[in-house]
Amino acid sequence: MKEQSRINKKAWEYRAYEFWNKRDGRPEEKAKKLMEDPLGNLKKHQQYFEHVQGMKIANLCGSNGRKAVPLALLGAEVTVFDISEENKAYALELAAEAQTSIQYIVTDIYDIDMQQHGEAFDILYLEGGILHYFHDIEQFMTILYQLLKDGGQLILSDFHPLRKCLIGDGEVNYFDTSIRSGDVAYKGYFDEQEQLDFPDTSLRLYTLSEIINALLGAGFIMKRFDEHRGWKKEPIPWEFTILAEK
């Protein structure tokens, strides 16, 4: 396991299960909401998953299963690859409570067994702020390419790189390539005194051109690029979604 991955694994295995219960409720509570409207719970990406019955989908960095479980309810065969045992615990309980099943593999994405999983998936789905956890985006995109069947689709959604500059009020260097320490995403949900014990993550921020060029360099054909407003409809580019094919 790479040093950056080791650092991020430690961070994402610190009280993550407790956080998911804080934010999303107990697995049985969350499962009821997902079962009511599986497609709707995929939110802005639901258009891509209307007909996934019988398809093999890999949800990389799939976290607590909040996207994997709806996909399984829609009839897909879903495999989650994620670095956190705590995320896995919540996700498997969530799937069981939703009366479905997912495969959950705890691994560094760089270490995925390609003899077993190479060219195995019809769709790869990644969302929610992932890319900054990987210091080698070219290798990361190559791994995604290797996981897909010929003709398979990649749906990649992440934080828009311009967001950090707009929020930073001009003080953020968009072209900064340094590796830095950062808070794990859910640290702010805990009391200030508790936050002192949280381990840091290791981050590398990318420009939009770095992301797109790494995708194209891996061999993907980009079919669509969408930009999304903020979660509260803020008039700035908050997230993006790329649809690409192998």
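Things to note:
- Around R26: net Lys/Arg minus Asp/Glu count, Cβ-Cβ under 12 Å: -1
- Segment E36-A185, length gained on full extension (0.36 nm per residue, minus Cα span): 50.9 nm
- Where only DSSP H runs of four or more residues are counted, the chain gives -9500 deg cm²/dmol as its mean residue ellipticity at 222 nm, each run worth -39500 (n - 2.57).
- The string of couplings for the stretch 7-17 from the Karplus curve (6.51, -1.76, 1.60, θ = phi - 60°) is 5, 6, 5, 4, 5, 7, 10, 9, 6, 5, 4 Hz, one whole number per residue in order, with x for Gly and Pro.
- Amide H within-cut-off set for M55, under 5 Å, with H built and near neighbours excluded: E77
- Pairs from K2/K33; K149/K187; K33/K246; K149/K232; K67/K187; K2/K32 whose Cα-Cα separation, in the structure shown, is over 32 Å: K2/K33; K149/K187; K33/K246; K149/K232; K2/K32
- For C165 and R224, a Förster radius of 30 Å and the Cβ-Cβ distance give a FRET efficiency of 0.80, rounded to the nearest 0.05.
- The relative contact order of the chain comes to 19 percent, based on Cα pairs under 8 Å that sit 6 or more residues apart.
- Our summary of shape: the Cα atoms of the chain have principal axis extents of 47, 45, 39 Å, ordered from largest down, in whole angstrom.
- Along the stretch 67-78 the Karplus relation, 6.51 cos²θ - 1.76 cosθ + 1.60 evaluated at θ = phi - 60°, assigns HN-Hα couplings of 9, 5, 5, x, 5, 5, 5, 7, x, 7, 9, 10 Hz to successive residues, with x for each Gly and Pro.
- In Hz, Karplus ³J(HN,Hα) per residue of the stretch 147-160 (6.51, -1.76, 1.60; θ = phi - 60°; x = Gly, Pro): 6, 7, 5, 4, x, x, 10, 10, 10, 10, 10, 8, 5, 6
Bear in mind that the values in this text are calculations on the coordinates, not laboratory data. The structure displayed is predicted, hence computed values, not measured ones. Counting neighbours? That spans all protein chains shown, and the Cβs are built from the backbone with ideal geometry, glycine included.
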